[in-house]
Amino acid sequence: MIRLLKGAAIILKQFNLTAKLYIVSTPIGNLGDITLRAIEILRSVNFIVCEDTRVTSILLHHLNIKKELYSLNAASEKFKAQKVIERIMQGESCALVTDAGTPGISDPGTRLINLTIKENIDVVSIPGATALIAALSLSGFPSDSFVFEGFLPNKKGRQKNLKQLADEERTVVLYESTYRIEKLIDELAEFMPKRSMVICREITKKFEEVIRGTAKSIQADLNEHILKGEFVVVIASKNLK
């Protein structure tokens, strides 16, 4: 492990970390999923922009990294992004992380990334874990072409989206929270009762669970499962036999 870390450090010294924005993927649950490159970037940048300083502090403590944290979430991104841009333009390097997974994938960060690009500042991706791809691979459904809808709208447009997804000929991936997962399953059982689907709960975490079946059969067996945590729902194409 030490040799690998030293090797990663040597490689990174070949790059100039000045005045760049690094989009750094962090673990979606298991902290062991952090990449060597992500560790070195977090160690090397001047400051880290994060969704929640408390969550990111836990990761940094685990990695024995001490770094300035700057909070930027969905509510504050519009107002704080420019401050980050100013610091980068003054020569500082910055890592952008979210609470879990890849920034910009149903997480804050898109506005900051777009502003950075408009200012002709280098943006570098440090890839890693994302619940979307993990769940898609676990599903066993065709993944050469798929639709990622993220979180469906809570109210306006939700029924319209569900009707459209019922006719979708590609694999569909959705995110859902612990507060609405039961509602979503009921809706899927109504709009596409015979479609095969996979529900991934708490991917990579201690109580990870994968539920497989049709929307209707999963709905009937809900009492046998714990509906707490973060969920990714993968729905097979309507043409899948």
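For the reader, a short list of remarks on this structure follows.
- Cross-link reach is defined here as a Cα-Cα straight distance under 19 Å, omitting same-chain residues fewer than 8 places apart; for Lys80 the lysines meeting it are Lys20, Lys67, Lys118.
- Taking every DSSP beta bridge that has both ends in the chain, the antiparallel portion is near 45%.
- Against the empirical curve 2.2 N^0.38 Å, the C-alpha radius of gyration of the stretch 2-126 lands at a ratio of 0.99.
- Label-point separation, Phe207 to Asp221 (7 Å along Cα→Cβ), nm: 1.9
- Using the Cβ-Cβ distance between Lys83 and Asp122 with R0 set to 25 Å, the FRET efficiency works out to roughly 0.85.
- Cα gyration tensor shape of the stretch 131-235, rounded if a/c is under 1.5, else prolate or oblate by comparing a/b with b/c: rounded
- Taken over the chain, the alpha-carbon convex hull comes to 145 cubic angstrom per residue.
- Average Cα contact separation per residue, the stretch 141-241, under 8 Å, 6 or more apart, as relative contact order %: 34
- Normalised contact order of the chain, rounded percent, pairs of Cα under 8 Å and 6 or more residues apart: 20
- Fully extended contour minus Cα-Cα distance, from Glu190 to Phe47, at 0.36 nm per residue: 46.7 nm
- Relative contact order computed over the stretch 2-126 (Cα-Cα under 8 Å; 6+ residues apart), in percent: 39
- The chain - mean residue ellipticity at 222 nm from DSSP helices (-39,500 (n - 2.57) per run, n ≥ 4, rounded to 500): -10500 deg cm²/dmol
Each value in this text was obtained by applying a stated rule to the coordinates, not by laboratory testing. As the structure is a prediction and not an experimental result, all values here were calculated from the model. Methodologically, a virtual Cβ is constructed for each residue, glycine included, from the backbone with ideal geometry; neighbour enumeration extends over all protein chains shown.
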